[in-house]
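Since the structure comes first, as structure tokens, the remarks are kept for the end.
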Amino acid sequence: MMTTETAVTLASYSHWADMLLFSAMESLPAGAASQGSGTLFGSMIGTLNHNFQVDLIWRAHLQGVAHGFSTRREMLYPELSQLIHAQRQVNQWYIEWAGQQTPASLNERVCFSFVSGKRGEMSRGGMLLHIVNHKTHHRGWVAEMFFAHDVNPPETDLCVFLSAPAERTADASS
């Protein structure tokens, strides 16, 4: 069973990793974030728009409301600065939501529909775990794209976050 503390830690980690990656992307050569790549979402910014859109979809599931999306591949924010702002807001929602949960609410099962229309059911804690894991997966795709610019990506691993509490506290307000 997931605890409130674990939920907050996971949501905070996800925010920290997003902001660290965004900061590194801002330091790349002009146009690198939107440069085409042979990946499913076409670019760094396309991949991170996917992450953002999936965050919105699962937030709607957690709230028990319709998300209104028929795909997970919309380019909601083609400009990096706009995406950073929007992602920061949704990340803050997840951190606050996690802090309001209890082990019982995190264990509560919720019925929802995937974008495909297929029905699903998961615990709220399982949904949060999926969101964090999903974003970690796709941040890895973006990290790989840094090498096309001869730049090492930032280390966004959970163990880095957990082992540097002073750094993550400073970054939590970002």
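The values are calculated or read from the model by the stated rules, or taken from the named source; none is laboratory data. All of these numbers come straight from a predicted model, not from anything done at the bench. Counting neighbours? That spans all protein chains shown, and the Cβs are built from the backbone with ideal geometry, glycine included.
Assorted remarks:
- Residues of the stretch 142-159 classified as touching a helix residue (DSSP H, G or I) at 6+ places or on another chain (Cβ under 9 Å) and surrounded by fewer than 17 Cβ atoms within 10 Å (Cβ to Cβ), total: 7
- Among the residues of the stretch 148-157, the ones that are part of a helix (DSSP H, G or I) and at pLDDT 95 or above come to 0 in all.
- Scanning the stretch 99-106 turns up at least one residue that is under 22 Å from MET1 (Cα atoms) and among the hydroxyl-bearing types (Ser, Thr, Tyr).
- Out of TRP97, TRP58, one residue alone is closer than 25 Å to GLY140 by Cα and among the aromatic types (Phe, Trp, Tyr). It is TRP58.
Yes or no, residue by residue, for (1) under 20 Å from SER27 (Cβ atoms); (2) touching a helix residue (DSSP H, G or I) at 6+ places or on another chain (Cβ under 7 Å); (3) among the hydroxyl-bearing types (Ser, Thr, Tyr):
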| site | (1), (2), (3) |
| --- | --- |
| VAL90 | no, yes, no |
| TYR94 | no, yes, yes |
| SER105 | no, yes, yes |
| PHE112 | no, yes, no |
| VAL115 | no, yes, no |
| GLY140 | yes, no, no |
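- Selection within the stretch 91-138: residues that are β-branched (Val, Ile, Thr), surrounded by fewer than 16 Cβ atoms within 10 Å (Cβ to Cβ) and modelled with pLDDT of 95 or more. The member of this set that is nearest to ALA11 (Cα to Cα) is THR102.
Yes or no, residue by residue, for (1) in contact (Cβ under 8 Å) with a residue 24 or more places away in the chain; (2) among the aliphatic types (A, V, I, L, M); (3) over 27 Å from GLY120 (Cα atoms); (4) in contact with a helix residue (DSSP H, G or I) (Cβ under 6 Å, 6 or more places away or on another chain):
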site: GLU5; (1), (2), (3), (4): no, no, no, no
site: TRP16; (1), (2), (3), (4): yes, no, yes, yes
site: PHE41; (1), (2), (3), (4): yes, no, no, yes
site: ASN49; (1), (2), (3), (4): yes, no, no, no
site: GLY64; (1), (2), (3), (4): yes, no, no, no
site: GLY68; (1), (2), (3), (4): no, no, no, no
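- Selection of the stretch 102-128 for residues being part of a strand (DSSP E or B), in contact (Cβ under 8 Å) with a residue 12 or more places away in the chain and within 19 Å of GLY68 (Cα to Cα) yields VAL110, PHE112, GLU121.
- Tabulated pairs, the stretch 129-140, first among the polar types (S, T, N, Q), second surrounded by fewer than 19 Cβ atoms within 10 Å (Cβ to Cβ), C-beta under 9 angstrom, 6+ apart or interchain: THR136/ASP157; THR136/LEU158
- Pick from the stretch 51-73, criterion touching a strand residue (DSSP E or B) at 6+ places or on another chain (Cβ under 8 Å) and in a helix (DSSP H, G or I), ranking: surrounded by the most Cβ atoms within 10 Å (Cβ to Cβ): HIS61
- Residue in the stretch 31-48 that is modelled with pLDDT of 95 or more, part of a loop (DSSP other than H, G, I, E, B) and surrounded by fewer than 17 Cβ atoms within 10 Å (Cβ to Cβ) present: no
- Condition check for GLN82: in a helix (DSSP H, G or I) and either touching a residue at least 60 places away in the same chain (Cβ under 8 Å) or under 30 Å from GLY36 (Cβ atoms) (or both): yes
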